[in-house]
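What follows is a single structure, written as structure tokens, with notes after it.
The values are calculated or read from the model by the stated rules, or taken from the named source; none is laboratory data. Keep in mind that this is a model prediction, so the values were computed, not measured. Using ideal geometry, Cβ is built from the backbone for each residue, glycine included, and neighbour counts are taken over all protein chains shown.
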Amino acid sequence: MKKILLVEDDEFLVDIYKTKLEESHFEVVVESDGARVVETIKKEKPDLVLLDIVLPNEDGWCILRDLQSTGGEKTKVVVLSNLGQKEEIEKGLSLGASLYLIKAHYTPSQVVKEISALV
């Protein structure tokens, strides 16, 4: 079973995405505090990280930079955010994200489909 680290601080969205991922036979670990994400990745060794950008204590940009500087760039990361400007998408991809999905443009089922194609 593939393991997904869901990094999201909105409890409503956590419930929706966690349920959809589990229905698709993924093991799901949830982290809502940006400052603990890199540590959680090292501990849990997920197959993929589904990462929001706007998080408490440390944003997704910092997490992507931390992963690059600690050799964690081998970890597949999909950004799932409401930040959808062209510059933000380019920034996410340049910092190592495999995909950058805008929340408003994808249903949870579509997000799961995109993730399934990567793992």
Which of the residues that make up region 7-26 are out of contact with any helix residue (DSSP H, G or I) (no Cβ under 6 Å at 6 or more places or on another chain) and more than 23 Å from L64 (Cβ to Cβ)? E11, F12, D15, T19, E22, E23, H25
Of the residues I16, I4, which is surrounded by fewer than 19 Cβ atoms within 10 Å (Cβ to Cβ), of a type in the set (V, I, T) and touching a residue at least 40 places away in the same chain (Cβ under 8 Å)? I16
Taking V38 as the residue in question, decide whether it is under 24 Å from I89 (Cα atoms), touching a strand residue (DSSP E or B) at 6+ places or on another chain (Cβ under 6 Å), surrounded by 15 or more Cβ atoms within 10 Å (Cβ to Cβ) and touching a residue at least 24 places away in the same chain (Cβ under 8 Å). no
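Which is farther than 17 Å from L118 by Cβ, at pLDDT below 95 and assigned to a helix (DSSP H, G or I), of V14, V38?
Being farther than 17 Å from L118 by Cβ, at pLDDT below 95 and assigned to a helix (DSSP H, G or I) holds for just one of V14, V38, which is V38.
What residue, of V29, V77, V49, is touching a Pro at 6+ places or on another chain (Cβ under 8 Å), outside any helix (DSSP H, G or I) and at negative phi?
Step by step, each of V29, V77, V49 is checked, and only V29 is touching a Pro at 6+ places or on another chain (Cβ under 8 Å), outside any helix (DSSP H, G or I) and at negative phi.
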Looking only at region 45-63, which residues are more than 19 Å from K3 (Cα to Cα) and charged (D, E, K, R)? E58, D59
For region 19-35, enumerate the residues that are within 19 Å of Q110 (Cα to Cα), surrounded by 15 or more Cβ atoms within 10 Å (Cβ to Cβ) and free of Cβ contacts under 8 Å to residues at least 40 places away in the same chain. V28
Please state which of the following conditions G96 fails to meet, knowing it meets all the rest: (1) modelled with pLDDT under 95; (2) out of contact with any strand residue (DSSP E or B) (no Cβ under 7 Å at 6 or more places or on another chain). (2)
Could you list, ordered by first residue, the pairs with Cβ atoms under 9 Å in which the first is in region 66-86 and within 20 Å of E8 (Cα to Cα) and at pLDDT below 85 and the second is of a type in the set (A, V, I, L, M, F, W, C) and in a helix (DSSP H, G or I), at least 6 apart or interchain? G72/V38; G72/I41; E73/L64; E73/L67
In region 82-119, what residues are touching a Gly at 6+ places or on another chain (Cβ under 7 Å) and buried (at least 19 other Cβ atoms within 10 Å of the Cβ)? Y100
